[in-house]
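Everything below concerns the one structure shown next.
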Amino acid sequence: NKLPLVTDSDLTWTVFYSAFLRTKDLFDHDENILRIQNSIKDDTVKRIGGKGLFNPRTYSKCLQDVNKRLKNNTSFLTSEASALENHIRIKAENKTTLVEFFDRVRNFCTMADAYSDTSYMNNKRFLANISDVVPLFIKGKWETKQAELEDQARSPSLKDLVEIFDRELPRLEASIRNDKLRNPEKKIENKAPVKDQNKSFRFNNLNNKIH
């Protein structure tokens, strides 16, 4: 139910906004407002979005406006590309981190495509670095896809890699939900301290002896 935290206006926004678009229809307006309030911690985003960010009637439009403003920052592509390439390798069991990385790459692909920036879309080194971040089972699917594209005399692109990510997303998200059902968070009950009757008994006996 939670959305990724937005702690700066560039790098974490892309993860948050992609996750919001993918899940917003699963919740009503009040629930979405609560999710947004719990996620957006960055002052820049709050300033751009204004009070409308937390209004049930305007929050969706405000998020669109924030996204447009941040996309217009052309330095975003460069900084985001560097962050994606240098992301630490994600293990297969880190499913939540993997889903967030998929969202981030997808949003980057959308923006690079909007800017017609082929320096990233078809860059073999960039694609190799991105595929090195994901677990081996996904990297293997990417290698198979590249072989298929070569047979078709077509160069692989970032869109092709994102398609593989998108096919994996439903399975990963279902697995995360199942993990939570199998391992629910344990609730810690605040129990009142148990009175040590033996200690009280010894103390009373001591008082009797003194008197």
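Mind giving me the FRET efficiency for T118 and R89? R0 is 22 Å, r the Cβ-Cβ distance, nearest 0.05 is fine.
For R0 = 22 Å, the calculated efficiency reads 0.25.
When you take every Cα atom in segment 48-100, what is the radius of gyration, and what is Dmax, the widest Cα pair distance, in Å?
Every Cα atom of segment 48-100 included, Rg and Dmax give 15.6, 40 Å.
What would the Debye equation give as log₁₀ I(q)/I(0) for segment 6-108 at q = 0.11, 0.23 Å⁻¹, counting only Cα atoms as equal point scatterers?
Taken in order of the listed q values, log10 I(q)/I(0) reads -0.34, -1.30.
Starting from the Kirkwood Rh over alpha-carbon pairs, what translational D in µm² s⁻¹ does segment 131-171 have by Stokes-Einstein at 25 °C and 0.890 mPa s?
Here the translational diffusion coefficient equals 233 µm²/s.
In segment 20-158, with Lys and Arg counted as +1 and Asp and Glu as -1 at Cβ, which of these residues, N107, F27, S119, has the Cα nearest the positive end of the dipole, that is, farthest along it?
So the residue we want is F27.
Sorted from largest to smallest, which semi-axis lengths in Å does the alpha carbon gyration tensor of segment 103-175 give for its equivalent ellipsoid, taking the root of 5 times each eigenvalue?
The three semi-axes for segment 103-175 are 19, 16, 11 Å.
Taking a probe of 1.4 angstrom, what is the accessible area of K180 in Å², to the nearest 10?
Approximately 130 Å² for this residue.
The values are calculated or read from the model by the stated rules, or taken from the named source; none is laboratory data. Keep in mind it's a predicted model, so treat the numbers as computed, not measured. Cβ coordinates were reconstructed from backbone atoms using ideal geometry, including for glycine residues, and neighbour counts include every protein chain displayed. Each accessible area value is taken on the protein alone, full model and side chains, heavy atoms only, with ligands, DNA and RNA left out. Shrake-Rupley method; radii C 1.70, N 1.55, O 1.52, S 1.80 Å.
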